[in-house]
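The values are calculated or read from the model by the stated rules, or taken from the named source; none is laboratory data. As the structure is a prediction and not an experimental result, all values here were calculated from the model. Cβ sites come from the backbone with ideal geometry, for glycine too, and all protein chains shown count toward neighbours. Surface accessibility is based on the protein's heavy atoms, side chains included, excluding ligands, DNA and RNA. Shrake-Rupley method; radii C 1.70, N 1.55, O 1.52, S 1.80 Å.
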Amino acid sequence: MVHRVTFIPGDGVGPELSEATRRVLEATGVQFDWDVQEAGADVIDRYGTPLPEPVLESIRANGVAIKGPLTTPIGTGFRSVNVALRKELDLYACLRPCKWYSGVRSRYESIDLVIVRENHEDLYAGIEFEQGTAEAKRVIEFLNGVQDKRIREDSGISIKPISITGTRRIARYAFEYARAYGRKKITAVTKANIMKHTDGLFYAVSREVAKDYPDIEYDEYLVDNMCMQLVQKPENFDVLLLPNLYGDILSDLAAGLVGGLGVAPGANIGDHAAVFEATHGSAPKYKGQNKVNPMAMMLSGVLLLRHLDEVDAADRLERALAAVIAEGRSVTYDMKPHRDDPTAVGTSHVADAVIAEIERAV
Ligand code: NAD
């Protein structure tokens with residue numbers, strides 16, 4: 001079967017990483033029909049936007065995409081190209097597996113966590129009122145009129161909406177994911193003791209959803225406690241289910257536990273489309289130097305293969321990546337004991353080593 005997949009090289013170091021990733025994906029023997037789409041800082045002159053409509057149309061048509069990082073150009077009115085992409089395609093679930101591979105330098109070993117973060121709601125909904133504006137004044141007056149606590153007049157305001165609808169679908173996604181991938185436990189994480197009507201709602205709805213999945217254990221932790229638990233006993237957790245803000249913070253914390261940005265894959269998933277990408281950005285200072293680590297994007301490629309139900313190819317690519325990491329020779333500067341290690345290899349060399357490993361294992 002040939003898979004038609006939207007392929008967005010991205011900008012900054014994106015094209016180098018994407019090319020390396022494309023090569024290892026093809027080396028698995030899976031047949032791809034790449035629908036290459038340009039987006040990001042480099043296309044603004046041509047399209048007047050970093051996210052041209054044909055890119056969105058392509059992902060809508062194909063239902064699946066893999067992308068390199070995209071720079072958010074400053075001063076174009078775009079808060080973030082990546083956030084816009086998630087909104088336009090209603091990619092409400094952010095998936096961040098955090099797995100330790102032997103050979104990655106980290107304070108922790110044997111971590112295999114998955115973070116499921118809600119992508120649209122919460123304090124990231126973008127409903128904000130700038131201090132001193134007429135709108136902020138009206139909001140403050142209204143709020144001071146409907147409850148006892150006084151909001152200072154010189155306040156800025158950010159609104160935190162969390163809905164039953166938004167929570168139900170992210171919770172359902174987390175449980176379905178757990179079932180599909182043999183995970184045993186979901187832990188919902190909020191600050192519901194303080195934010196009863198938003199985080200409290202997130203718990204209440206997640207509990208309801210959990211009842212439909214008696215085969216999967218469900219528990220709850222407050223986010224402050226979870227930060228400590230993750231640092232002390234990360235092996236106690238399996239899938240974490242979080243609203244947007246805590247999910248953003250804990251995703252980076254968990255990525256740090258397993259070795260950092262160079263090995264942190266991700267995906268943004270909705271009911272009609274899924275976009276696979278590394279967690280890191282476009283590292284513009286390294287653009288064109290064939291230097292940065294392609295592992296995170298390649299691991300995102302492993303997630304893509306699983307999503308396409310190419311389980312055997314996904315396993316083979318993951319094993320090849322793990323072998324190259326464990327050997328420690330054909331890895332980029334960030335995975336060497338010292339960043340100026342002269343034996344560090346370039347991006348394309350990592351792809352060569354991974355392909356050799358895939359072929360050796362046949
Ligand atoms: P960044 O992730 O690009 O870089 C942060 C640090 O990590 C830098 O020191 C960089 O050199 C290093 N780094 C990043 N990726 C690496 C890799 N693969 N191998 C080795 N080292 C790596 O974050 P930033 O500098 O905050 O952002 C740069 C641009 O990327 C911004 O425009 C930002 O909006 C964008 N961004 C895009 C995405 C995305 O496309 N999903 C995500 C985050 C940031």
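Looking at region 30-56, which of its residues are under 10 Å from Thr6 (Cα atoms) and loosely packed, with under 14 Cβ neighbours inside 10 Å?
Asp33, Val36
Hey, can you tell me all the residues within region 281-313 that are in a helix (DSSP H, G or I), β-branched (Val, Ile, Thr) and either open to solvent by less than 10 Å² (accessible area, probe 1.4 Å) or within 16 Å of the ligand (Cβ to nearest atom) (or both)?
The answer is Val302, and nothing else.
When region 339-362 is examined, which residues are found to be of a type outside the set (A, V, I, L, M) and assigned to a helix (DSSP H, G or I)?
Within region 339-362, Thr347, Ser348, His349, Asp352, Glu357, Glu359, Arg360 meet the criteria.
A quick yes/no check of all residues on (1) modelled with pLDDT under 90; (2) not in a loop (DSSP other than H, G, I, E, B):
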| residue | (1), (2) |
| --- | --- |
| Leu56 | no, yes |
| Ile59 | no, yes |
| Ala65 | no, yes |
| Gly77 | yes, no |
| Leu91 | no, no |
| Pro97 | no, yes |
| Arg117 | no, yes |
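Each row is one residue, and each column tells you yes or no for (1) among the hydroxyl-bearing types (Ser, Thr, Tyr); (2) touching a residue at least 60 places away in the same chain (Cβ under 8 Å); (3) touching a helix residue (DSSP H, G or I) at 6+ places or on another chain (Cβ under 9 Å).
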residue: Ile249; (1), (2), (3): no, no, yes
residue: Ala264; (1), (2), (3): no, yes, yes
residue: Ser282; (1), (2), (3): yes, yes, yes
residue: Lys287; (1), (2), (3): no, yes, yes
residue: Leu304; (1), (2), (3): no, yes, yes
residue: Val311; (1), (2), (3): no, no, yes
residue: Arg316; (1), (2), (3): no, yes, yes
residue: Ala326; (1), (2), (3): no, yes, no
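Sort out which residues of region 1-43 are over 20 Å from the mean Cα position of the chain (by Cα), aliphatic (A, V, I, L, M) and within 13 Å of the ligand (Cβ to nearest atom), and write them in order of number.
Ala41
I need the full set of residues from region 135-184 which are open to solvent by less than 60 Å² (accessible area, probe 1.4 Å) and either in contact with a Gly (Cβ under 7 Å, 6 or more places away or on another chain) or aromatic (Phe, Trp, Tyr) (or both), in order please.
Ala136, Tyr173, Phe175, Tyr177
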